[in-house]
Amino acid sequence: MRFLGNIEARTDAKGRVFLPATFRKVLQQEGIEQLVIRKDVHEKCLVLYPETVWNEQEDALRSRLNRWNRQQQQLFRLFVSDVETLTLDGNGRFLLPRRFIEMAGIDQSVRFVGVGDTIEIWAESEYAKFDEEKADFAATLEEMMATP
């Protein structure tokens, strides 16, 4: 499953937004009906995980952590506790929960970015800041790929 692209969208007054058709198509081909949303660990954006991808990520994290280690249990708790399950309506829309809108600084303009097996949702203003930082992209990519 691969989500590719960078698509602008708008939320309505209730916080609903259409998932771009190209991304809906990928979900439909995979037979996925539910998504899991959480704030990104590093950036001021939201991440949509197809339910199967979320389950794989959760299982991978759990397998690396010791349930009897308090710090590791806290890490796992923090990762999985601040999520919500979303379902698209018949029109391909979903409701962005208010707390996630606030976490990501979303007003009405959003940008959906396909990032492999997940989809990021950025406030347009935050994505513009991120976009300015891509000057180092070519140099970093060259450095990483030049090393065998």
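Starting from the stretch 1-95, pick out the chymotrypsin sites (Phe, Trp or Tyr not before Pro) whose DSSP state is loop and whose Cβ has at most 11 other Cβ atoms within 10 Å. Answer by residue number: 68. Full extension of the chain between residue 109 and residue 93 yields a length gain of 4.3 nm, computed as 0.36 nm times the residue separation minus the alpha carbon distance.
Binning the C-alpha pair distances of the chain at 5 Å intervals from 0 yields a P(r) profile of 2, 8, 17, 19, 18, 15, 12, 7, 2, 0, 0 %, listed from the shortest bin outward. Apolar share of the accessible surface for the stretch 8-141: 48 percent from carbon plus sulfur atoms, 1.4 Å probe. When shorter helices are ignored and each DSSP H run of at least 4 residues is given -39500 (n - 2.57), the per-residue value for the chain at 222 nm works out to -12500 deg cm²/dmol. With protein chains left intact and a 1.4 Å probe, residues in the chain average 64 Å² of accessible area per residue.
For the stretch 1-80, the list of trypsin sites (Lys or Arg not before Pro) that fall in a loop by DSSP and count at most 13 other C-beta atoms within 10 angstrom reads 2, 14, 67.
The values are calculated or read from the model by the stated rules, or taken from the named source; none is laboratory data. Since the structure is predicted, the reported quantities are computational estimates derived from the model, not experimental observations. Here the Cβ is made from the backbone with ideal geometry for all residues, glycine too, and neighbour counts use every protein chain on show. These accessible areas exclude ligands, DNA and RNA; they are computed on the full protein's heavy atoms, side chains included. Shrake-Rupley method; radii C 1.70, N 1.55, O 1.52, S 1.80 Å.
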